[in-house]
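> Structure below; questions to follow.
The values are calculated or read from the model by the stated rules, or taken from the named source; none is laboratory data. Because the structure is a prediction, the values reported are computed rather than measured. So basically every Cβ, Gly included, is an ideal-geometry build from the backbone, and we count neighbours across all protein chains shown. What goes into the accessible areas is simple: the full protein's heavy atoms, side chains included, and nothing from ligands, DNA or RNA. Shrake-Rupley method; radii C 1.70, N 1.55, O 1.52, S 1.80 Å.
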Amino acid sequence: MTAPAHPGAAPVLDRLRAQTAFELASIFRNGEQIMVTILMPLVALVALAAFDVVDLARADGPRVDLVAPGVLAMGVMAAAFTSPAIATSFDRRGGVLRLLATTPLGRVGLLGGKVCAVLVLQAVQAVVLGGVAVGLGWRPAPLEVLVAAGVGVLGTAVFTALAMLVAGTLRFEAVLALANILLIALTLVGGVLVPTDWLPGVGGEIARLLPSGALGEALRGAFGDGVAWRDIVTLLGWTGLLTWATNRTFRWS
């Protein structure tokens with residue numbers, strides 16, 4: 001028997017690319033993930049921008065100018081939180097995380113593949129949702145798109161950290177319920193689809209302190225009057241806090 005011509009593990013980038021492709025294939029094979037990450041934001045975009053199902057009379061300009069940034073924020077939350085939380089929790093319950101962590105891929109490579117898959121999924125979201133919004137009359141400037149992309153990356157960091165926190169600490173059944181409930185709750189009352197100052201009483205200030213409200217406001221600012229520093233600081237603060245908590249509590253099995 002002769003030894004392999006190239007013994008040892010594949011290069012790091014090859015391992016990361018393979019894991020990313022595996023994660024993406026898992027997402028696009030799962031109808032529920034497609035419904036949550038693409039179809040739900042798409043339905044919200046068309047329903048709110050093209051039909052008078054919700055009173056948006058306080059908005060300046062066309063309805064789609066207000067709705068599109070909020071729907072993009074909803075898409076970031078769905079792709080970076082709901083989808084990886086459920087998938088990671090499922091892998092953890094089946095022992096996949098524990099086994100993969102002992103392979104040359106390692107824990108960093110495993111998490112890196114999940115993050116890369118989320119970013120690719122969000123690129124697909126941006127093309128689909130942005131394309132439909134443009135079809136409905138949305139006309140963002142190129143610089144606004146670049147600023148919004150930076151905000152989107154920051155939002156992705158926040159919600160991916162939250163996804164790993166719940167997936168690494170709770171039982172699968174609890175993660176499944178919490179991921180969907182939290183997405184709906186934050187979308188409806190967390191300052192995502194409409195400005196936080198439209199919420200009654202102190203609800204607006206509370207919502208803006210949440211990662212959902214800060215992300216929604218930052219994206220509306222990116223496509224409007226500019227991003228407020230308080231929203232960036234809020235998102236950075238949540239990223240640091242959730243990452244710290246995840247590092248201390250995540251269980252691989």
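> With angles folded into 0 to 90 degrees, how steeply does helix 63-77 sit against the dominant principal axis of the chain? Use alpha carbons for both and round to 10.
Roughly 20 degrees between the two axes.
> Whenever you get a sec, line up Thr103, Thr20 from highest to lowest accessible area (probe 1.4 Å, protein heavy atoms). Let's see the in-between values first.
Numbers: Thr103 55, Thr20 15 Å².
So, going from the largest accessible area down, we get Thr103, Thr20.
> First measure r as the distance between the Cβ atoms of Arg93 and Val233, then evaluate 1/(1 + (r/R0)^6) with R0 = 41 Å and state the FRET efficiency to the nearest 0.05. Each step should come with its number before you reach the end.
Working: r = 36 Å, r/R0 = 0.88.
Using R0 = 41 Å, I get an efficiency of 0.70.
> Further, regarding this structure: Per residue, what accessible area does region 33-151 have, given a 1.4 Å probe and all protein chains present, in Å²? Working shown, then result.
On the way: 5320 Å² over 119 residues.
About 45 Å² of surface per residue is accessible.
> On the protein heavy atoms, probe 1.4 angstrom, tell me the percent of accessible surface of region 123-169 carried by carbon and sulfur.
81 percent
> Based on the Cα atoms of region 1-110, what semi-axes does the equivalent ellipsoid have, where each is the square root of 5 times one gyration tensor eigenvalue, given in whole Å with the largest first?
Details: eigenvalues 367, 41, 25 Å².
Output for region 1-110: semi-axes of 43, 14, 11 Å.
> Could you tell me how many degrees, from 0 to 90 and to the nearest 10, lie between the Cα long axis of helix 211-222 and the main elongation axis, the longest principal axis, of the Cα atoms of the chain?
Compared with the principal axis, the helix lies near 60 degrees.
> Mean 1/r over all different Cα pairs, inverted: what Kirkwood radius does region 99-183 give, in Å? Write down the numbers at each step before the final one.
Details: mean 1/r = 0.0653 Å⁻¹.
Here the Kirkwood hydrodynamic radius works out to 15.3 Å.
> A further question on this structure: Given the rule -39500 (n - 2.57) for each run of at least 4 DSSP H residues, summed and divided by the residues of the chain, what is its mean residue ellipticity at 222 nm, to the nearest 500 deg cm²/dmol?
The helix contribution divided over the chain gives -23000 deg cm²/dmol.
> Using a 1.4 Å probe and counting only protein heavy atoms, arrange Phe28, Phe250, Phe159 so the residue with the most accessible area comes first.
Numbers: Phe28 95, Phe250 40, Phe159 0 Å².
The ranking, largest first, comes out as Phe28, Phe250, Phe159.
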